[in-house]
1. Take a quick pass over the chain and tell me how many lysine pairs come in under 26 angstrom between Cα atoms, counting only ones 8 or more apart or on separate chains.
2. List the GluC sites (Glu not before Pro) within the stretch 67-129 that fall in a DSSP loop (any state other than H, G, I, E or B) and whose Cβ has at most 11 other Cβ atoms within 10 Å.
3. Can you compute 3J(HN,Hα) from phi for each residue in the stretch 54-65, using the Karplus curve 6.51 cos²θ - 1.76 cosθ + 1.60 with θ = phi - 60°, rounded to whole Hz and x for Gly and Pro?
4. What FRET efficiency comes out for Asp176 versus Asp108 if R0 is 35 angstrom and r is the Cβ-Cβ distance? Round to the nearest 0.05.
5. Choose one of Phe77, Ala120, Leu35: the residue whose Cα lies farthest towards the positive end of the charge dipole of the chain (beta-carbon charges +1 Lys, Arg; -1 Asp, Glu; about the Cα centre).
6. Please list the non-local residues whose amide H lies under 5 Å from the amide H of Leu168, H modeled 1.01 Å from N, same-chain partners needing a gap of 5 or more.
7. Relative to the longest principal Cα axis of the chain, at what angle does helix 100-113 sit, 0 to 90 degrees, rounded to 10?
8. From the helices alone, meaning DSSP H stretches of at least four residues, give me the mean residue ellipticity at 222 nm for the chain, per-run term -39500 (n - 2.57), in deg cm²/dmol to the nearest 500.
Amino acid sequence: MRLFGRKNDDKYTEAAKLLADGEVEQALELLRDFLEEHPDHANAHTSLGVALIHFQENPSADSPEIQEAFQHFERAFELDPDDAVPIFNKAVALRDLGRHDQALASFDRVLEVEERNALAVLHKAEINYELENYEEALRLAKLALIRDPALEEQLVWVKDAMRRGGFLDDGGNVIDKPKEDIPEE
């Protein structure tokens, strides 16, 4: 059977289903077997990277499994440079591991491929908020919201960023900042 012009491989389909169902250990085994037979299957590399990350109870950036996951994400992107999904997954993992600078760089790579990716912009905004770069966080939050208004529910931190960044007074009123204090875009 062919799926979208490509032969449907039952082993990959089963591995992807196992991963979606949370059966990570079995998915890992099937994905490794599949990639031995199909080393240039970009989606399988991405799925294996995701499985390796989810297999970790307490992931560490230096663990061999995380390093292998990153290698699979990079290989997937190398095989299909028009697909930002593997780099997006790497960026999220880096963020979760507290590697903010590397995560921001990876989200920038995502935006090079998908300029309008609102989730990548949202992650960058949240990282900047966590790093206390409030003006940049607010600028990016506005951009993410413009690109996808449905993200509004995820922007619960914006009021705090505005207060901490000096844009709100103690009563929650917007402070008029002099133009020289407002950063250029």
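1. Number of lysine pairs found: 14.
2. Values: sites: Glu68, Glu74, Glu78, Glu112, Glu114, Glu115, Glu126; in loops: Glu114, Glu115.
Hits after loop and neighbour filter: Glu115.
3. 6, 6, 7, 6, 10, x, 10, 4, 8, 5, x, 5
4. Efficiency for this residue pair is about 0.60.
5. Farthest along the dipole direction, towards plus: Ala120.
6. The list, which skips near neighbours in sequence, is Arg163, Ile175.
7. Value to nearest ten degrees: 70.
8. Details: 9 runs with 115 residues, N = 185.
For the chain, the value works out to -19500 deg cm²/dmol.
Bear in mind that the values in this text are calculations on the coordinates, not laboratory data. Fair warning: this is a prediction, and the values are worked out from it, not measured in the lab. Positions of Cβ are generated from backbone atoms using ideal geometry, with glycine treated the same way; all protein chains shown enter the neighbour counts.
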